[in-house]
Amino acid sequence: MDQLTIREKVGVNYMLLELSGTMNSNTCVELQQKVFQYIIDSNVVLDMEQVQVIDSTGVGIVIAGHNDGDANDTKLFIMNPSEPARIALGKTGFMDVFHVIHSVTEVADA
């Protein structure tokens, strides 16, 4: 059965969500709630290094979180996207719009 593990860590000016597993319509309900809750008041970092599969639902959450961040003067960051995540997000044509980082220290610079 598909599973998505989410570990939360609070940073100085961000909420880090470490993701591991599959991002699809069966696993993303909790992630969607967390992203939409935190992006209102804080930057959100999605550590996607351990994402093994991502479908259109997962991609949609990233896009919506990015747009909600713009609307709330916060940002959604994608940290260390795995190859499957990079491919899925790249197919959107918006990779150059997303805030892709390699370390949470880059959040302070953004």
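The values are calculated or read from the model by the stated rules, or taken from the named source; none is laboratory data. Small disclaimer: the values here were computed from a predicted structure and weren't measured. Ideal geometry is used to build each Cβ from the backbone, glycine not excepted, and the neighbour counts take in all protein chains shown. For accessibility, only protein heavy atoms count, side chains too; no ligands or nucleic acids. Shrake-Rupley method; radii C 1.70, N 1.55, O 1.52, S 1.80 Å.
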Subject >> Cβ charges +1 (Lys, Arg) and -1 (Asp, Glu), total dipole of region 54-110, debye >> reply: 160
Original post:
Label points 7 Å out from Cα along the Cβ direction at Ala64 and Asp41: separation in nm?
Top reply: 2.1
**OP:** Determine the dipole magnitude for region 7-62: charges of +1 sit on the beta-carbon of Lys and Arg, -1 on that of Asp and Glu, nothing else is charged, the reference point is the Cα centre, and the result goes in debye to the nearest 20.
**Re:** 60
Subject >> Using θ = phi - 60° and Karplus 6.51 cos²θ - 1.76 cosθ + 1.60, couplings along region 65-72 (whole Hz; Gly, Pro as x) >> reply: x, 4, 5, 5, x, 4, 6, 10
Subject >> Sequence-distant residues sharing a close amide H with Ile101 (under 5 Å, placed H) >> reply: Ile78, Met79, Asn80
**OP:** May I ask you to list the residues of region 79-104 whose amide nitrogen lies under 17 Å from a point 7 Å from Cα along the Cα→beta-carbon direction of Glu49?
**Re:** 79-86, 100-104
Original post:
Counting Lys and Arg as +1 and Asp and Glu as -1, each charge on the Cβ, what is the dipole of the chain about the Cα centre in debye, to the nearest 20?
Top reply: 120
Subject >> Option label - mean projected area of the Cα convex hull in nm² computed here, alternatives (1) 6.0; (2) 12.3; (3) 6.4 >> reply: (1)
Original post:
Amide H to amide H, which residues 5 or more places from Lys75 or on other chains are under 5 Å from it, using H placed in the peptide plane?
Top reply: Asn43, Val44
Original post:
Sequence-distant or interchain residues sharing an amide H contact under 5 Å with Gln50, placed H: which?
Top reply: Leu19
Original post:
In region 40-74, which residues have a backbone nitrogen under 12 Å from the label point lying 7 Å from Glu30's Cα in the Cα-to-Cβ direction?
Top reply: none
Original post:
Relative contact order (percent) for the chain, with alpha-carbon contacts under 8 angstrom and 6 or more residues of separation?
Top reply: 25
**OP:** Quick one: what are the phi-derived ³J(HN,Hα) couplings along region 21-34, Karplus 6.51/-1.76/1.60 with θ = phi - 60°, whole Hz, x for glycine and proline?
**Re:** x, 10, 9, 9, 4, 7, 10, 9, 4, 5, 4, 4, 4, 5
**OP:** Please work out the average accessible area per residue across the chain, using the 1.4 Å probe convention, and give it in Å².
**Re:** 53
Original post:
Extension gain Phe94-Asp73, at 0.36 nm per residue separation less the Cα-Cα distance, in nm?
Top reply: 5.6 nm
Original post:
Antiparallel DSSP bridges in the chain: what percent, to the nearest 5?
Top reply: 30
